[in-house]
Structure formats: structure tokens, C-alpha cells
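Just below is one structure, and these are the notes that go with it.
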Amino acid sequence: METQAVWHEEGLRSLREIAASKLRALGRALELPEEMVRAAVDVFDLMSTPWSAVSAGDRPPWPSDITDDGSPFEFSVALDGRGCELRMLMESQSLPITATSSWDAGLSLQGRLRDAGLASLERFQRVQDLFSPPPRSETRFSLWHAAVLTEAGRPLFKCYLNPASQGKANAPHLVHEALRRLGLDRASDVLAERLSRVATPDVRYFALDLDDAESARVKVYVGSSESADEVEALLRTSANFAPGQATQWLSALAGRSGPFPERPILCCFAFTAAPAQPTATLHVPIRCYVDDDEQAARRVTSLLPPDAAIRLRRTLAAASDRPLGVGRGLLTYASLRPAAGRLRVTVYLAPEVYAIAAPRRVTMAMKPIAIRESVDRADAGRVATVRSKLALLALFLRDVPRLSSSLSDDAVAADCVDPPSDERGAQAELAVETDVSAGVLESIESVTAAMLSLAEELQSLLTSSPLVARSASAR
């Protein structure tokens with residue numbers, strides 16, 4: 001399968017322009033130094049050349065599995081109560097876009113990183129052939145790359161490989177072979193013992209730090225859809241998890257202890273050359289188990305200290321130009337890693353370039369936008385406007401009795417005013433009446449105008465929606 005794309009169309013923002021704008025907004029929200037924000041934009045440019053020049057149209061030229069709407073990049077922010085890290089993950093692309101051309105484009109990116117002195121490829125090259133996708137591969141991804149930026153030091157680059165590149169059933173064997181090639185025989189044995197604790201091992205990702213330091217990590221991500229008990233079994237004996245912690249956090253973030261049918265919980269095990277047990281990170285696909293992003297934000301902030309919670313709220317506001325309650329999927333994952341007495345929380349943020357998933361639970365004020373499973377990005381601004389007007393309308397309808405009573409009271413008060421004795425008195429009376437009823441009249445005028453505008457917005461939204469048009473023609 002291959003997909004053709006036009007790299008740029010006049011009048012449309014490019015992926016690069018969208019990403020740079022979001023990075024700058026995140027930098028301001030997190031109060032990062034200006035030089036770090038500039039470095040983040042430069043890193044994005046280095047990693048996304050030339051494909052980020054593509055115009056962001058109605059749909060992605062290639063449905064990247066990084067995000068639900070096919071956007072080929074995402075950002076994430078790690079908070080631990082002391083500082084923060086800004087991260088980015090992306091899938092390289094080249095024309096024509098195929099399942100295997102993404103692999104070739106990723107290799108090209110690695111060459112650029114190596115030539116710039118930013119990455120070591122020695123470990124990757126030891127396992128490259130294991131993960132190389134076969135011709136006409138149907139896998140959802142083959143090679144992703146990430147960058148981690150902090151205020152101190154140069155960025156760290158990582159790559160993510162698909163253990164199912166040679167078939168899902170072969171994934172555990174392929175990962176064990178990769179660990180042995182990297183000289184991590186002990187890690188291979190530890191991983192095998194962990195996988196034996198679950199009925200059906202689900203090995204999802206294999207990640208490498210593109211670095212030659214002794215502390216460079218190899219990470220293996222294992223999925224669990226069954227229960228919190230299964231997650232606890234996978235994490236048992238990890239260097240940094242205590243019994244019961246995962247169950248507690250799953251309850252807080254996912255609102256349940258299982259099963260997890262939409263997307264599995266991910267347990268990430270990080271191995272180094274040291275013989276110790278791996279450190280673990282719990283990744284929760286929170287957007288699959290909440291009604292909307294507002295609920296997701298509340299759940300994550302409940303686990304953060306106050307200053308980090310405020311930072312997260314600012315981050316979410318910067319990451320999107322819509323209210324959190326009108327969509328689901330801006331905050332895709334939340335990951336938790338205990339370390340040195342602190343909890344490190346990372347939130348993963350979709351750019352929502354092409355679509356915004358509708359809230360799971362539809363209230364009366366949201367019904368006009370719940371006619372589709374997801375809202376096209378082109379309609380997102382109108383949807384937010386419609387929702388705000390519906391909310392205003394709901395408030396107006398609720399307050400009709402009070403407003404009517406206020407107007408009646410104003411009329412009575414006006415009738416009780418003694419007739420003016422002179423022109424000055426008449427002006428004073430007019431001022432009194434104006435002060436008494438101005439707020440009520442302004443409310444009515446505002447809501448009336450909002451209702452008229454609402455009708456126009458709804459008509460435009462409904463008539464321009466391809467899905468609605470198809471539904472109408474089907475009837």
C-alpha cells in the first residue's frame with residue numbers, strides 16, 4: 001500500500017508551522033528558557049525534514065499510529081515536582097509513503113543525527129536486520145524517533161522499533177535475540193521470566209537510546225489488557241515499584257481495575273548494562289477510559305503536587321485552542337515512574353492536526369457535535385463556538401424566571417417613583433431606571449444575539465459535514 005501526497009498547498013499551514021507554534025506555546029506555559037525553546041524547534045526541524053513541509057489538509061497522507069487521527073508527531077512533558085522535560089516523538093516519511101518507506105526515511109534521519117554528532121548508531125546497527133520490515137509490510141509502524149530536551153545538556157535521541165515486524169507471534173523471540181546481541185543476556189532472562197507471568201504476552205515496542213554511554217537504556221514495552229492484577233504481576237520485583245502502587249494508580253487514572261479492552265496498559269522495562277532488576281514505568285492510555293480531556297486532566301492532577309498540577313493545566317491550555325470538555329484525546333497517555341521518593345508523571349499530547357475525538361458522554365449542550373465519532377479539525381473552531389453558545393443558551397433558559405421577575409420588579413419600582421418635579425429630577429429618574437434594568441436588558445440582548453449566531457453556526461456545521469451529508473442521503 002502506498003499513499004501519494006502533495007508536499008505543500010498554498011494557503012494551508014504546514015505540519016512544521018503547526019508544530020513550531022505548539023512548541024513555543026508549550027515553552028511559554030512551562031516557563032522554559034528561550035534558548036531551550038529555540039533548541040526544541042531546531043530539533044523538530046532536524047528530525048522532520050523534509051516531510052514536515054507537507055500542508056495540513058483534511059486528512060493525513062499516511063495514517064501514522066503515533067496518534068489517533070494520524071498526525072505523525074506528538075509532544076510530551078515530564079513533571080517530577082522539581083523540573084520538567086520537553087519531549088517529541090515522530091515518524092519519518094518519504095514519498096511515496098509506504099509501510100517500508102517510513103523505515104528508510106528513519107534510517108536517513110539517523111544518518112543526519114550521527115553526522116551532526118548527536119547520536120551513536122552502533123547499538124542500533126547490531127539489531128537493525130531483526131526489525132527491518134519485509135517488502136509490502138502491513139505493520140502499522142516500523143521505526144519512530146524521539147528527542148528529550150532538558151535545561152541542562154544536549155538532547156537525548158531514541159528510536160522505537162516494532163517487535164511485530166516479522167509477525168506478532170515472533171515478537172517475544174525477536175526481542176530476546178535483540179537483547180542477547182546487545183550483550184544483555186541477563187535482561188533477556190529477566191524479561192522471559194516476566195512474560196511467563198501472563199497468559200498471552202503482548203510485546204509492543206522495543207526502544208534504544210541512540211547513545212554509547214554506560215547508562216544508555218534498552219526499553220521493552222509489554223501490554224496488559226486483562227486486569228490490574230496482571231499489571232501487578234508484570235511489575236513485581238521491579239526496582240522501583242511497590243506492591244499495590246499500580247492498582248492504586250490505575251484506579252485513579254483509568255477509573256477501573258480492568259479489563260482494559262480499548263488499549264492495553266503498558267509496562268515499560270528499562271535495562272542497562274548493570275545487572276540490577278529493571279526500572280519500570282506504567283503507561284496508561286487515559287483517553288480510552290475517560291469521558292473527555294477535562295476528566296483526564298482532573299485525574300492526572302490528582303496525582304501531582306500543587307505546583308506541578310498548575311504547570312499541567314497551563315500545559316494543556318497551551319497545547320490546544322479548544323475547551324478540554326469538548327473533545328477526548330488531546331491527553332493520550334499518562335505515564336508514572338516512581339524514583340527516589342518522587343513520582344515522575346509524563347503526559348503525552350496529541351497535536352490534533354486532523355481530528356478531535358468527540359466526548360464519550362454527551363450532555364444536552366453537546367448533542368449537536370456528537371453526531372460524529374470525531375470532529376474534523378476544520379470544524380473544531382466552529383464546534384467550540386457552538387458549544388459556548390449552547391452553554392450560554394442553557395444558562396439563559398435556566399434564568400428566564402429570574403429575569404422575568406427582575407423586569408417585573410423594575411416596572412413596579414418605576415411605578416413607585418414620585419413624578420419628577422423638574423428636568424433634573426427626570427434625568428435622575430431615568431438614571432435610576434437605567435441602572436436597575438441595564439444588566440437584565442444587556443443579558444437578554446446578548447443571549448438573543450447568541451441564539452441567532454448559534455442558529456447560523458449550527459446550520460453551517462451541519463450542512464458542511466460530509467458525514468451528515470452522507471447520513472442524510474442514506475435516509
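The value for segment 6-126 of Rg(Cα) / (2.2 N^0.38 Å) is 1.13.
Taken along its principal axes, the alpha carbon cloud of segment 47-113 reaches lengths of 45, 31, 19 Å, longest axis first. Shown here for segment 189-225: chymotrypsin sites (Phe, Trp or Tyr not before Pro) in loop regions (DSSP other than H, G, I, E, B) with at most 11 other Cβ atoms within 10 Å, of which there are none.
The GluC sites (Glu not before Pro) of segment 156-233 that meet both conditions, a loop assignment by DSSP and at most 14 other Cβ atoms within 10 Å of the site Cβ, are Glu214.
Along segment 47-52 the Karplus relation, 6.51 cos²θ - 1.76 cosθ + 1.60 evaluated at θ = phi - 60°, assigns HN-Hα couplings of 7, 10, 6, x, 5, 6 Hz to successive residues, with x for each Gly and Pro. What is the local net charge at Val127, summed over the other residues whose Cβ is closer than 9 Å to its Cβ (Lys, Arg +1; Asp, Glu -1)? Here the charged neighbours net out to +1. Among the trypsin sites (Lys or Arg not before Pro) in segment 180-281, those placed in a DSSP loop whose Cβ has at most 16 other Cβ atoms within 10 Å are Arg197, Arg236, Arg256.
Taking a Cβ cut-off of under 9 Å around Ser76, the surrounding Lys, Arg, Asp and Glu residues balance to a net charge of -1, with basic ones at +1 and acidic ones at -1. Here segment 171-300 is treated as a sphere whose radius is the Kirkwood value from Cα pairs; by Stokes-Einstein at 20 °C and 1.002 mPa s it diffuses with a coefficient of 140 µm²/s.
How much net charge surrounds Asp229 when only other residues with a Cβ under 11 Å from its Cβ are counted (Lys, Arg +1; Asp, Glu -1)? Cβ neighbours under 11 Å give a net charge of -1. Quick one: in segment 2-357, what % of C-alpha pairs are over 27 Å apart? For segment 2-357, the fraction of Cα-Cα distances above 27 Å is 46 percent. Here segment 188-243 has an Rg and Dmax of 12.7, 37 Å, counting Cα atoms alone.
Throughout, read-outs are computed from the coordinates displayed, never taken from laboratory work. This structure is a prediction, so every number in the text was calculated from the model and none was measured. Cβ: placed from backbone, ideal geometry, glycine included. Neighbour counts: every protein chain shown.
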